[in-house]
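The values are calculated or read from the model by the stated rules, or taken from the named source; none is laboratory data. The shown structure was predicted, so the numbers you read here are calculated from the model rather than taken from an experiment. Because the Cβ atoms are built from the backbone with ideal geometry, glycine has one as well, and the counts that use them run over all protein chains shown.
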Amino acid sequence: MDDIILETAGLTKEFLGFVAVSDVSLRVRRGSIHGLIGPNGAGKTTCFNLLTKFLPPTRGTIRYDGRDITGMKPAQVARLGLVRSFQISAVFPHLSVLENVRLALQRQRGGSFDFWRSETLLRQYDDRARALLDDVGLNGYADLTAGELPYGRKRALEIATTLALDPVMMLLDEPTAGMTHEDVDRIVALVKRVSAGRTVLLVEHNLKVVSGLCDTITVLARGKVLAEGDYASVSRNPEVVTAYLGSEAEGAAAHG
Ligand SMILES: Nc1ncnc2c1ncn2[C@@H]1O[C@H](COP(=O)(O)OP(=O)(O)O)[C@@H](O)[C@H]1O
Ligand SMILES: [Mg+2]
């Protein structure tokens, strides 16, 4: 039997009568890298906002790790290990790369920034922060300010600050958006590495990234689940092909 870590039933979000997410039933297997794909405006980010409790659903339920989290607050689900990157983990541009990760670790531990800290404790954070920077390939960047990092490295830092929260399940919304080829390859390798022992739900436009990373893929279109399966099966699905071609045709028309 499959071990399902996250399950939604009839998840629906309406904005003033416009249905952005419509009756979505999603099942994510523990330990998998699950992709959520679909044309622009399909409802992917809204789904993420529902799952991490940044938006209340209009209808439907969300179960995570055996609990109904539908009525919980974002901080509560984060404490249960369901963490969204690029949102909970703000990066402070004027602090150094190392300080950013250290702050995330301190926040994870107690949530307060005490005035009194022992040297030993700070040293422990430093060691753990450096290990995390190693994990995401930023060991040579520790003393740069975060704002000075090249774009692709900034995303890696965001992943490091997310990892500092020790998530059980990570939600990544378009981690490779706007990246160069080399950066994309590095992030793919990084997601693969950090997914060990975790579950990852990934929104991603780059289908090469999706095919390389995801065990299971759910395709959304106009708020509804259009198809689900492995990459080979969903990419062969005529409805999926039409949804993508349709959205590209609309895009081409919109751009004249
Ligand atoms: N806060 C909001 N108010 C009104 N409409 C919204 C809001 N957020 C998203 N939408 C609409 O919901 C649809 C889905 O958006 P989104 O989830 O961002 O799509 P995706 O991430 O798949 O591109 C879009 O048509 C978008 O305009
Ligand atoms: Mg989006």
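Here are the numbers:
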quantity	calculated
Hits in region 1-51 (condition: in a loop (DSSP other than H, G, I, E, B), polar (S, T, N, Q) and within 13 Å of ligand 1 (Cβ to nearest atom))	Asn40
Complete set of residues in region 1-38 that are among the charged types (D, E, K, R) and in contact with a Gly (Cβ under 7 Å, 6 or more places away or on another chain)	Asp23
Residues satisfying the stated conditions in region 137-155, i.e. out of contact with any Phe, Trp or Tyr (no Cβ under 8 Å at 6 or more places or on another chain) and under 19 Å from Gln106 (Cα atoms)	Ala142, Asp143, Thr145
Test: residue in region 58-65 that is part of a loop (DSSP other than H, G, I, E, B), within 16 Å of ligand 1 (Cβ to nearest atom) and surrounded by fewer than 18 Cβ atoms within 10 Å (Cβ to Cβ)	yes
Hits in region 192-208 (condition: away from ligand 1 (no atom under 16 Å from the Cβ), farther than 14 Å from Tyr231 by Cβ and surrounded by fewer than 16 Cβ atoms within 10 Å (Cβ to Cβ))	Lys192, Arg193, Ala196, Gly197
Residue that is surrounded by 21 or more Cβ atoms within 10 Å (Cβ to Cβ), modelled with pLDDT of 90 or more, over 26 Å from Asn49 (Cβ atoms) and not assigned by TED's automatic domain parsing to the domain that holds Gly66, where the choices are Leu144, Leu138, Leu157, Leu149	Leu138
Single unsatisfied condition, Phe48 versus (1) over 16 Å from Thr199 (Cα atoms); (2) within 16 Å of ligand 2 (Cβ to nearest atom)	(1)
Residues satisfying the stated conditions in region 121-149, i.e. touching a strand residue (DSSP E or B) at 6+ places or on another chain (Cβ under 7 Å) and of a type in the set (S, T, N, Q)	Thr145
Residue among Gly60, Gly81 that is more than 16 Å from ligand 2 (Cβ to nearest atom) and closer than 29 Å to Leu157 by Cα	Gly81
Residue in region 66-78 that is nearest to ligand 2 (Cβ to nearest atom), counting only those that are part of a helix (DSSP H, G or I) and in contact with a strand residue (DSSP E or B) (Cβ under 9 Å, 6 or more places away or on another chain)	Pro74
Top-ranked residue in region 31-54 [being over 15 Å from the mean Cα position of the chain (by Cα) and surrounded by fewer than 18 Cβ atoms within 10 Å (Cβ to Cβ); ranked as modelled with the lowest pLDDT]	Asn40
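Table: residues versus (1) away from ligand 1 (no atom under 16 Å from the Cβ); (2) of a type in the set (Phe, Trp, Tyr); (3) assigned to a helix (DSSP H, G or I); (4) closer than 24 Å to Val21 by Cβ.
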| site | (1), (2), (3), (4) |
| --- | --- |
| Glu182 | yes, no, yes, no |
| Arg186 | yes, no, yes, no |
| Leu190 | yes, no, yes, no |
| Val210 | no, no, yes, yes |
| Thr218 | no, no, no, yes |
| Val225 | no, no, no, yes |
| Ser233 | yes, no, yes, yes |
